[in-house]
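Asks: For reference, the structure I am asking about is given below.
The values are calculated or read from the model by the stated rules, or taken from the named source; none is laboratory data. Please read all numbers here as calculations on a predicted model, not as lab measurements. Cβ placement follows ideal geometry from the backbone for every residue including glycine, while neighbour counts extend to all protein chains displayed. These accessible areas exclude ligands, DNA and RNA; they are computed on the full protein's heavy atoms, side chains included. Shrake-Rupley method; radii C 1.70, N 1.55, O 1.52, S 1.80 Å.
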Amino acid sequence: MYAGLQELGVANGEDLKETLTNCTEPLKAIEQFQTENGVLLPSLQSALPFLDLHGTPRLEFHQSVFDELREKLLERVSAIALEGKVEERYKKLEDLLEKSFSLVKMPSIQPVVMCVMKHLPKVPEKKLKLVMADKDLYKACAVEVKRQIWQDNQALFGDEVSPLLKQYILEKENILFSNDISVLHNFFSPSPKARRQGEVVQKLTQMIGKNVKLYDMVLQFLRTLFLRTRNVHYCTLRAELLMSLHDLEISEICTVDPCHKFTWCLDACIREKFVDNKRARELQGFLDGVKKGQEQVLGDLSMILCDPFAINTLALSTIRHLQDLVGQDTLPREAELITKFLPMLMSFVVDDHTFNVDQKLPSEEKGPIPYPSTIPEAFTKFLQENRIACEIGLYYILHITKQRNKNAFLRLLPALVETFSDLAFSDIFLHLLTGNLTLLGDEFAVEEFCTGLFDGFFLTACSRKENVHRHVLRLLLHLHHKVAPAKLESLQKALEPTKQSGEAVKELHNQLTEKLELRKPSPAQVTETPSMELPLPTVPTPASR
C-alpha cells in the first residue's frame, strides 16, 4: 500500500509504527508526525479544530484533500501533453514519470503514473518491461501503453486478440444457427456500417489505434487462421477492420494497406446491394493494377472477395444482370463460365417465362406443356467443378425459392447433392435457404415436395455433416405444423441424434419432440364420440294408381 514512498523520502505507516514502538511519549510522537507530514498550510492549523468539533476524522479530511489534489494533477498531466513544443512537453512528462514511477504500485497514486505513461508516445523500455512483468500493473495500464508493449511482443498481443477472434466467429455462427428463421431478416440484413459497430471490431480497432505494426499482426493472425480453418468469417473481419479504421480516418494505416481503395469500393457495393457497371470497372481496375511479384496483395484481395457479404452482393448482381439480359434477348460473352454456364441459367429463366405464359393462356389454347423436369448434365458438372459457377448457381436457386417458384426449385434441387467443396451444405447457404423456404410453407404438406427436399437433399448429408442436421431441425421447428403427420413422424425418427451428435443437435431435437408432443390429441379427444343420430322411421310408400 505504501510502496515507493520511502524512495522519495516520504514517511509511511511503517515509519510511524517504528516511531511509536521506540518512543516514551506516544502522543507527542503522533503530534510531531502529523506536523511533519500534514498539509503545511499555516491558515489551516486554526481551522482543523472546527472539524474536530463536527466529529470529522482527520483521515476523512486528508483523504478528501488528497483526492482533490490527484484530480488536479491528472488534469495538469493531460494539459501538459497538449501544450508547448513536442520535445518540451514530452521532456516534462518523462521527468514526471521518473519521479513518480516508484509509486506505481500504490493504489491511490497509480492513476497519476498511468496517466503520465498514457500520454508518452514512447515510454522508456525498462519501465515497459516492469509493467509487463506485473499482471496487475499490465491490467491497469491504458491501451496506449499496452500498444507499446504489444508491438514488440507478438505472443502477448496474440493472447489478447485470440479470445476476440473466437468470440467473433461464435457470434457469426450463432446468427446462422438462430432459431428465428425469416426471409426478411437474415445473416446479410445488417448494413456494413452497422456490422462495424460490433463489439469485437470496435475492440480490435481501439487496440490497434494508429499502430501499423499491430494492424499487420492482426492481419497475419487472420491470414493464418483463414488458411488453417477455411472459415470465411475471418475474411469478413479482415474487411470490417479495415473499413472501421477508414471510418475513423486513420490515414496512417489506410494509406499503407494496398487493399484500402478496393475494399472501400466493394463496401459501397455491399451497402447498395448491387455492383453497377461503373463500380465493376473500378474493381476490375484495382485487380489489373496489381503488379507481378505482389502475391501477398493478391492473397489479401482474395480474402476481401471471399467475404460472404462480398460474394452475396456479387452473386445477387449477377442474377439481376442475367434477368436483364433475358429481357434484352442477348447472351453473355467471353470466358467459358460466361459463354456456357450463364446462358444455361438464362435458359432456366426462359423455361419459367414460357411455362408461366402457357398457364395464362385460355384453356382451349393451352397445349399440354408440362414444366421441364430435367437439367443439363453440364450444369451439374459446373456446380461440381467450378467455384464461381457453384456460387452463382446456388444464388440462382435462392432467387427462385424467394420467388416461390416451387417447380424450378424441385427441378434444380438434385444438382445440389454434390457441389464444389460441398458449398450447398455450407452454413451461409443453408441459413438463407431455410429462410426462403418459409415462403413455400404450404408446399410442406405435399409429399412430393417433402420427399424432394428432405430425402433427396437434406438427409443425404445429415449423417456426415452435423451443421446440416442442425439446419434441418431449425427448419422443422419453424414449419412442423405444415408437414403431413406421417412424414413428420418419419423425419423425427430419421433426425434422431446419434452418440456422436453434439449438444446443439440434441437440444434442437428435444425442442422438436416437445412441440410434436403438444400437437398430439389427448386420449379424451381420440375416443370416438357416440353417434347422436336417431334412426329415421320407415314411411310406407303410397300405392301406385
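Asks: Which one of T451, G441, M243 has its Cα pushed farthest toward the positive end of the charge dipole of the chain, where Lys and Arg give +1 and Asp and Glu give -1 at the Cβ?
Replies: The one lying farthest along the dipole's positive direction is T451.
Asks: Continuing with this model, one more query. If you fit an axis through the alpha-carbon atoms of helix 58-80 and take the longest principal axis of the Cα set of the chain, what angle between them do you get, 0 to 90°, nearest 10?
Replies: Tilt of helix 58-80: around 70 degrees.
Asks: May I pose another question? Quote the convex hull volume per residue of the stretch 331-431, based on C-alpha atoms, as a whole number of Å³.
Replies: On the way: hull volume 10.2 nm³, N = 101.
So the per-residue Cα hull volume is 101 Å³.
Asks: The stretch 161-235 to the stretch 42-89: how many Å between their Cα centroids?
Replies: Using only Cα atoms, the two centres lie 46 Å from each other.
Asks: Here is a further query. If I fit a long axis through the Cα atoms of helix 26-37 and take the longest principal axis of the Cα atoms of the chain, what angle between them do I get, 0 to 90°, rounded to 10?
Replies: Here the helix axis deviates by roughly 70 degrees.
Asks: Given R₀ = 25 Å, what would the calculated FRET efficiency be for Q328 paired with K193, taking r from the Cβ atoms and rounding to 0.05? Don't skip to the end; give the middle numbers.
Replies: On the way: r = 35 Å, r/R0 = 1.38.
Result of the calculation: an efficiency of 0.10.
Asks: Now for a separate question. Calculate the all-directions average of the projected area of the stretch 114-199's alpha-carbon convex hull, and give it in nm².
Replies: Here the figure is 7.8 nm², rounded to one decimal.
Asks: May I pose another question? Largest first and to the nearest Å, give the Cα extent of the stretch 74-230 along each principal axis.
Replies: Sorted from largest, the Cα extents of the stretch 74-230 read 62, 30, 30 Å.
Asks: Suppose every K and R has +1 on its Cβ and every D and E has -1 on its Cβ; what is the size of the dipole of the stretch 153-309 about the Cα centre, in Debye to the nearest 20?
Replies: In debye, rounded to 20, the stretch 153-309 gives about 280.
Asks: Something else: Could you list the GluC sites (Glu not before Pro) in the stretch 199-258 that lie in coil according to DSSP, counting only those with at most 12 other Cβ atoms within 10 Å of their Cβ?
Replies: Taking the stretch 199-258 and a limit of 12 other Cβ atoms within 10 Å, the loop GluC sites (Glu not before Pro) found are E249.
Asks: Another one. Which listed residue (L204, Y234, N174) has the Cα farthest towards the positive end of the charge dipole for the stretch 153-309, taking +1 on Lys and Arg C-beta and -1 on Asp and Glu C-beta about the Cα centre?
Replies: Going by the Cα projections, it comes out as Y234.
Asks: In nm², what is the average projected area of the convex hull enclosing the Cα atoms of the chain?
Replies: Its Cα hull, projected and averaged over all orientations, spans 52.2 nm².
Asks: What three numbers, in Å, describe the spread of the alpha carbons of the stretch 447-498 along their principal axes, ordered from the longest?
Replies: Over the stretch 447-498, Cα extents along the principal axes are 26, 19, 16 Å.
Asks: Follow-up. Hey, rough spin-label estimate for D358 and S43, points 7 angstrom out along Cα→Cβ, what's it come to in nanometres?
Replies: 10.2 nm
Asks: Now, a different point. Filter the GluC sites (Glu not before Pro) in the stretch 42-122 to those in DSSP coil with at most 11 other Cβ atoms within 10 Å of their Cβ, and list the result.
Replies: E83
Asks: Quick one: pull the percent of accessible area on the stretch 426-514 belonging to carbon and sulfur, 1.4 Å probe, ligands and nucleic acids left out.
Replies: 49 percent
Asks: So if R0 is 41 Å, what FRET efficiency would E87 and D134 give, r being the distance between their Cβ atoms, rounded to the nearest 0.05?
Replies: 0.85
Asks: Let's see if you can work this out: charge +1 on each Lys and Arg Cβ, -1 on each Asp and Glu Cβ, no other charges. What is the dipole magnitude of the chain about its Cα centre, in debye to the nearest 20?
Replies: Value, rounded to 20: 720 debye.
Asks: How big, on average over all directions, is the shadow cast by the Cα convex hull of the stretch 4-136, in nm²?
Replies: Quarter of the Cα hull surface area: 10.8 nm².
Asks: Share of Cα-Cα pairs in the stretch 134-179 beyond 17 Å, in percent?
Replies: 48 percent
Asks: Once the piece of chain linking K28 and T224 is laid out straight, how much longer is it, given 0.36 nm per residue of separation minus the C-alpha distance between them? Each step should come with its number before you reach the end.
Replies: Details: separation 196, 0.36 × 196 = 70.56 nm, distance 7.01 nm.
Going from the current span to full extension adds 63.6 nm.
Asks: What is the helix-to-structure angle for 342-360, meaning the angle in degrees between its Cα long axis and the longest Cα principal axis of the chain, kept from 0 to 90 and rounded to the nearest 10?
Replies: 50 degrees
Asks: Follow-up question, since we're still on this one. If all Cα-Cα distances of the stretch 426-514 are sorted into 10 Å bins from 0 onward, what percent lands in each bin, rounded to whole numbers?
Replies: 17, 56, 26, 1
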